[in-house]
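Below is one structure, written out as structure tokens, with a few remarks after it.
The values are calculated or read from the model by the stated rules, or taken from the named source; none is laboratory data. Keep in mind it's a predicted model, so treat the numbers as computed, not measured. We place every Cβ from the backbone using ideal geometry, glycine too, and count neighbours over all the protein chains shown.
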Amino acid sequence: MSSANQTYYAKAQSYKDGSPADTALFAQITDNRGTGAGWTLTVAQDAQLNNGTSDLKGAQISIADLNATTQKGSEAGAALAGQNIALVPGEGGQTVMSAAKDAGQGTWVARMGDTTKLTTEKGTAVDGSDRTVDKSVSLSVPGTSNKIADSKYTAKLTWTLTDTPANSAN
């Protein structure tokens, strides 16, 4: 525990076969409806991080460096990645990725950063070993927030995929 402001980074996505070993976190959408209706993927933080008895006041989850990619050679209209996201507990969803009408068909990936944002943190894994983290997904905790020793703070994130197309003016 610290009385200084702290930023913690999400563990990178690991591949089971180890090749490559780690990559940036991502969300994947496959639209095989054949309608060209468009869609929107949002994420919301339902409540503040909590240890079961108290909130971790002022803590904030952020997602940066969002980018949308699809398979090479795709003729589908482009899906758009959202802007940098700072989740506000209880404030509703923020756009991660969206596709306007006649766009976003096939498989799309919203990457949260890329492999250049990965770094190794020494001794930060639960077992004390090194771990690879994705600096595009972070948790900022103010030094002034009341932290309870040996507590596990959690928050529920709700990911929602709707068939609401993005505004084509984006």
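Restricting the search to strands (runs of 3 or more DSSP E) fully inside the stretch 88-170 and requiring at least 2 residues that are over 19 Å from Ala68 (Cβ atoms) and modelled with pLDDT of 95 or more gives 131-141, 157-162.
Scanning the stretch 125-136 for residues that are in contact with a strand residue (DSSP E or B) (Cβ under 7 Å, 6 or more places away or on another chain) and either within 24 Å of Ser54 (Cβ to Cβ) or of a type in the set (Asp, Glu) (or both) turns up Asp130, Asp134. Restricting attention to the stretch 43-72, the residues that are of a type in the set (S, T, N, Q) and touching a Leu at 6+ places or on another chain (Cβ under 8 Å) total 5. Tell me, yes or no, whether the stretch 128-145 has at least one residue that is in contact (Cβ under 8 Å) with a residue 24 or more places away in the chain, over 18 Å from Ala24 (Cβ atoms), surrounded by 18 or more Cβ atoms within 10 Å (Cβ to Cβ) and under 14 Å from the mean Cα position of the chain (by Cα). Scanning the stretch 128-145 turns up no residue that is in contact (Cβ under 8 Å) with a residue 24 or more places away in the chain, over 18 Å from Ala24 (Cβ atoms), surrounded by 18 or more Cβ atoms within 10 Å (Cβ to Cβ) and under 14 Å from the mean Cα position of the chain (by Cα).
Per-residue answers, yes or no, for (1) aromatic (Phe, Trp, Tyr); (2) under 30 Å from Asp55 (Cβ atoms); (3) buried (at least 20 other Cβ atoms within 10 Å of the Cβ):
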residue: Thr69; (1), (2), (3): no, no, no
residue: Glu75; (1), (2), (3): no, no, no
residue: Ala78; (1), (2), (3): no, no, no
residue: Gly93; (1), (2), (3): no, yes, no
residue: Val96; (1), (2), (3): no, yes, yes
residue: Ala99; (1), (2), (3): no, no, yes
residue: Ala103; (1), (2), (3): no, no, yes
residue: Thr107; (1), (2), (3): no, no, no
residue: Gly113; (1), (2), (3): no, yes, yes
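Of the residues making up the stretch 51-66, those that are surrounded by fewer than 17 Cβ atoms within 10 Å (Cβ to Cβ) and in a strand (DSSP E or B) number 2.
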